[in-house]
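Notes to accompany the following structure.
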Amino acid sequence: MIFMKNNSDKNRKIRNDIILAAAILVIAVAGLLFLNATKESGSYVVVKIDGVEKYSYSITDNVTQEIITGENGEHTNTLVIKDGKASVSTANCPDGICVGHREISFVGETIVCLPHKVVIEVQKETENQSLDAVV
Ligand SMILES: [Zn+2]
């Protein structure tokens, strides 16, 4: 009887461990789904130079845009929008952080080129629809 009791205690413990592991798994998966659900795909890619909105594109466009900045136009970043994602393909900034940045596609995501004061941001809607640079 003692053996039986110990054995059933052991089984109960294993069962509890399995339930606990399953519960953790469910919470983890639910958390992941929740995070993905709160990520909202953007509609526009906006380029700001020194805080001023300069270019605006639909994220569904296929765009390769040279962003030229600097007093003598000596700074360049190449913005590429493809397959609903924006990235910087080339730049002549010293740190190269913008080029190394992963593609962005969700609202609020940005690629920043600090040396060139260029900010590429994914937005839900453009702040100013009457830009002449809108393609
Ligand atoms: Zn850069």
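Looking at I59, is it over 23 Å from E125 (Cα atoms) and either open to solvent by 50 Å² or more (accessible area, probe 1.4 Å) or not hydroxyl-bearing (S, T, Y) (or both)?
It is false that I59 is over 23 Å from E125 (Cα atoms) and either open to solvent by 50 Å² or more (accessible area, probe 1.4 Å) or not hydroxyl-bearing (S, T, Y) (or both).
Have a look at E121, E103, E40, E125 and point out the one that is under 18 Å from the mean Cα position of the chain (by Cα) and open to solvent by less than 60 Å² (accessible area, probe 1.4 Å).
The conditions single out E121.
Here is a list: I67, I111. Which entry is at pLDDT 95 or above and touching a Leu at 6+ places or on another chain (Cβ under 7 Å)?
I67
Being surrounded by fewer than 18 Cβ atoms within 10 Å (Cβ to Cβ) and within 17 Å of L114 (Cβ to Cβ) is the requirement here; does D50 meet it?
Spelling it out, D50 is indeed surrounded by fewer than 18 Cβ atoms within 10 Å (Cβ to Cβ) and within 17 Å of L114 (Cβ to Cβ).
Say whether the condition of being away from the ligand (no atom under 16 Å from the Cβ), under 30 Å from I111 (Cβ atoms) and in the same structural domain as C113 (by TED's automatic domain parsing) is met by at least one residue in region 18-33.
No, because not a single residue in region 18-33 is away from the ligand (no atom under 16 Å from the Cβ), under 30 Å from I111 (Cβ atoms) and in the same structural domain as C113 (by TED's automatic domain parsing).
Only residues that are in contact (Cβ under 8 Å) with a residue 40 or more places away in the chain and part of a strand (DSSP E or B): list them for region 105-115, please.
F106, the sole residue that qualifies.
Look at region 1-29 and say how many of its residues are at pLDDT below 90 and within 25 Å of the chain's Cα centre (by Cα).
Residues flagged as at pLDDT below 90 and within 25 Å of the chain's Cα centre (by Cα) within region 1-29 amount to 0.
The values are calculated or read from the model by the stated rules, or taken from the named source; none is laboratory data. As the structure is a prediction and not an experimental result, all values here were calculated from the model. Cβ atoms come from the backbone with ideal geometry, glycine included; neighbour counts cover every protein chain shown. In case anyone asks, the SASA skips ligands and DNA or RNA and just uses the protein heavy atoms, side chains included. Shrake-Rupley method; radii C 1.70, N 1.55, O 1.52, S 1.80 Å.
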